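Everything below concerns the one structure shown next.
The values are calculated or read from the model by the stated rules, or taken from the named source; none is laboratory data. Worth saying up front: this structure is predicted, and the values here are computed from it rather than measured. When we count neighbours, we look across all protein chains shown, and the Cβ atoms used for this are built from the backbone with ideal geometry, even at glycine.
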Amino acid sequence: MAPFNLLPEEVVRGVVGLLEEVQYSSEKLLYQQDASKLRSLDIIAEGAYDTFFYDSDQHKRLPETYGPGTCYGGMSILLNKKRSLRTVAVRKGTRVLQLPRRDFRALCLAYEPFFHYFTARYGERMLDEEYAHFVKPAAPPEQNYLVADQLFSRRISTLEVRQLVTCPGELPIYEAAQRMAAAKVSCLFVTDAHEAITGYCTDITLRDSVIARRLDASRPVAEVTATPLVSISDEAYVYEAILRMFQTKTRYLLVEKAGRYVGFLSRNKLLSDLAQSPFMFIQAVKLAQSPRELKRRWEMVPDIVNQLLSRGVKADIVNQVISTVVDTISLKVIEQVLAEQGPAPARFVFMVLGSEGRKEQTLVTDQDNAIIYEDKANEHREEVRAWFLRFATTVSDELNHIGLHFCTGGFMAKNPKWTHSLSHWKRNYRQWMSESNPETVMQMATFFDCHYLHGDAALMQELYDFLREELTQPLDRFLFYMTRNALQYEPPLTSFLSRFRTFEQEGQRVFDLKKAMSPIVDLVRVYALRHQVFETNTGQRLARLRELGVFKEKEYQELLQAYYYLMGMRLQKQARQLINDREAPTNYLDPSTLTQVEQVTLKEIFKVIGDFQLKIKVSFTKSL
């Protein structure tokens, strides 16, 4: 039998005297992958070894049976530091002849064909990508995205902010440039007659608005002042400042303390100080030149998420990082398509919805977006609409290619239902609220969770103003259906609150983490609508509702902790599936894979959610 037929006959006779016989009277787990050390090369004489890899969900992958006349352990001893490459279960009644590890190695050293049998077989197996992945799991990149832990613990007040350099708006442009040169700054803040800052002038402003246009440099600098001004409190964290810069596309951020501006932050300076942070990665996404590069960057996101979570970074921050990367990719694609198709025939807004709209994206992400365009004269209406549908389809197809997949529910701008004029959108919102039923409240929920991504923000503000006015009308029926929709998912606990309610999925008993979290998202949204809270993020909505006295401090803390604990579990599981298992990520969790502490914590969280549902059931539906 191979590979002993590669040895001289007299050597084989000698090997027989070295073998030790072992019999297994019952089925048992013999070796665990990459953990159990092998003491011998096992030659199966009778019975069988069932071998496989376990992935992170304890699914058996690449099963293979070793029957009589085969041997197991050679590759593990020689090429995996004596640790079993696979998990091995031995069948009842199996008889094995074991060649001690020391003697097996001696044969390999003495007889090259015998040694090459195992190394060649290993090489052949490693050509299988899935096999190679489990033998040597893909480790996160050596690059440490969190080399500066201060990013998540330091407040802006601990930084040395740059001193404000200002000039009055009537100052000639050339003198403003001289003032910038003298102070060695790339940003000059422009003031009005009352010395209030009204805008800013940068090197790029001088290049694009003065030199490129051949503008007379003796004109007042106020004529080329850039807006809007973006500011942040000095009590905010450094990561919040960088996120705000990316989300508002500004390079300079005014720092505010006690109601006045005390300095400013430069994005380039911050990023250079935090050269290995996740935000340098976002900057790399922003600088990507092709869809292929964007696709490659998106594929790196699970590694970043894994590192953030393993370093104890909170789930809400990880959500924001993922959402900012997705927004940045989407903006790059929109700008690219506009460059190819030419300027839009009307002012418009490209907005994102759902989890992306709430900035709560996970690694199970798809497209949710819509377009609002300004109302045009009747003779151009169809022409304008056709252009935006072509534009939306191209954007959506490109995003799908990069890895941000089509929405299975069809909530995309390429769907004619979700690309409309502003007046049509107003009619949509009014109808959803006045003719409430289960379908319309689901649409309202999706489109209430939205934020501006690209275009003319004034259009979206007009829609918000309209919605704010509509929410002052009697909404009992609307809120009733919104609440009923939000109560359809119950926490996955049995009536005795001691066991998890599960269903079968690919041979495992699991529950859906996303559905377990959805009551918090849905019910906080109901309160936000009732109290006209227009923050889109669930955590921010909770904070605002606490400020309004809708939630007490204890309720706020319980719901916030519950929500982000579940979010952290979702993100960790999804990152593990993508990195370790090379599987499409899911929201399913097998409670048997959790530690006792995790199980107890989850049960307490589900009790909190159940109590929350009971409270809102009384408050909004007046029935138990």
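Once the range 568-624 is narrowed to residues that are part of a loop (DSSP other than H, G, I, E, B) and among the β-branched types (Val, Ile, Thr), the residue that is surrounded by the fewest Cβ atoms within 10 Å (Cβ to Cβ) is THR595.
So for the range 540-553 (the condition being in contact (Cβ under 8 Å) with a residue 40 or more places away in the chain and assigned by TED's automatic domain parsing to the domain that holds ARG499), does at least one residue qualify? No: zero hits.
Okay, residues lined up against (1) at pLDDT 90 or above; (2) farther than 30 Å from ASP55 by Cβ; (3) in contact with a Pro (Cβ under 7 Å, 6 or more places away or on another chain):
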{"site": "ASP476", "(1), (2), (3)": "no, yes, no"}
{"site": "TYR481", "(1), (2), (3)": "no, yes, yes"}
{"site": "GLN488", "(1), (2), (3)": "no, yes, no"}
{"site": "LEU493", "(1), (2), (3)": "no, no, no"}
{"site": "HIS531", "(1), (2), (3)": "yes, yes, no"}
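Of all residues in the range 504-521, those satisfying the criterion of being assigned to a strand (DSSP E or B) and either basic (Lys, Arg) or out of contact with any strand residue (DSSP E or B) (no Cβ under 7 Å at 6 or more places or on another chain) (or both) are GLU504, GLN508, ARG509.
Residue check: is PHE534 in the same structural domain as LEU493 (by TED's automatic domain parsing), crowded, with 17+ Cβ neighbours inside 10 Å and part of a loop (DSSP other than H, G, I, E, B)? So PHE534 does not fit the description; no. Within the range 447-472, residues that are within 16 Å of HIS420 (Cβ to Cβ) reach partners that are surrounded by fewer than 17 Cβ atoms within 10 Å (Cβ to Cβ) with beta carbons closer than 6 Å, at six or more positions or on different chains, in the pairs ASP456/ARG347.
State yes or no: is ILE371 closer than 23 Å to TRP425 by Cα, surrounded by fewer than 22 Cβ atoms within 10 Å (Cβ to Cβ) and not assigned by TED's automatic domain parsing to the domain that holds TYR237? It is false that ILE371 is closer than 23 Å to TRP425 by Cα, surrounded by fewer than 22 Cβ atoms within 10 Å (Cβ to Cβ) and not assigned by TED's automatic domain parsing to the domain that holds TYR237.
Against the conditions (1) modelled with pLDDT of 95 or more; (2) polar (S, T, N, Q); (3) loosely packed, with under 13 Cβ neighbours inside 10 Å, THR393 satisfies every one except (3). Taken residue by residue, the range 21-29 has no member that is buried (at least 17 other Cβ atoms within 10 Å of the Cβ), under 46 Å from the mean Cα position of the chain (by Cα) and modelled with pLDDT under 95. Filtering the range 464-483 to residues that are in a loop (DSSP other than H, G, I, E, B) and closer than 14 Å to VAL526 by Cα leaves LEU471, LEU475. Residues of the range 70-109 that are more than 20 Å from PRO3 (Cα to Cα), small (Gly, Ala, Ser) and in contact with a Lys or Arg (Cβ under 8 Å, 6 or more places away or on another chain): ALA89 alone. When the range 224-248 is limited to residues that are in contact (Cβ under 8 Å) with a residue 40 or more places away in the chain and closer than 27 Å to ALA177 by Cβ, the one that is surrounded by the fewest Cβ atoms within 10 Å (Cβ to Cβ) turns out to be THR225. Here GLY93 clears all of (1) touching a residue at least 40 places away in the same chain (Cβ under 8 Å); (2) farther than 16 Å from LEU30 by Cβ except the condition numbered (2). Look at TYR111 and say whether it is at pLDDT below 95, more than 45 Å from the chain's Cα centre (by Cα) and outside the structural domain of GLN577 (by TED's automatic domain parsing). Yes; evaluated as a whole, the condition is true for this residue. Per the listing ARG121, ARG155, ARG125, the residue uniquely closer than 30 Å to VAL321 by Cβ, at pLDDT below 85 and basic (Lys, Arg) is ARG155.
A single entry from LEU85, LEU62 fulfils the requirement of being under 49 Å from the mean Cα position of the chain (by Cα), at pLDDT below 95, in a strand (DSSP E or B) and closer than 23 Å to ARG125 by Cα: LEU62. Which ones in the range 31-59 are of a type in the set (D, E, K, R), assigned to a loop (DSSP other than H, G, I, E, B) and at negative phi? Residues satisfying the conditions are ARG39, ASP55, ASP57. Scanning the range 472-511 for residues that are acidic (Asp, Glu) and surrounded by 14 or more Cβ atoms within 10 Å (Cβ to Cβ) turns up just one, GLU490. The selection criterion, being among the hydroxyl-bearing types (Ser, Thr, Tyr), free of Cβ contacts under 8 Å to residues at least 40 places away in the same chain and assigned to a helix (DSSP H, G or I), does not hold for THR328.
Conditions (1) in a loop (DSSP other than H, G, I, E, B); (2) polar (S, T, N, Q); (3) buried (at least 20 other Cβ atoms within 10 Å of the Cβ); (4) touching a residue at least 24 places away in the same chain (Cβ under 8 Å), marked per residue:
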| residue | (1), (2), (3), (4) |
| --- | --- |
| GLY410 | yes, no, no, no |
| LYS414 | yes, no, yes, yes |
| LYS417 | no, no, no, no |
| TRP425 | no, no, yes, yes |
| MET433 | no, no, yes, yes |
| GLU439 | no, no, no, no |
| MET442 | no, no, no, yes |
| ALA445 | no, no, yes, yes |
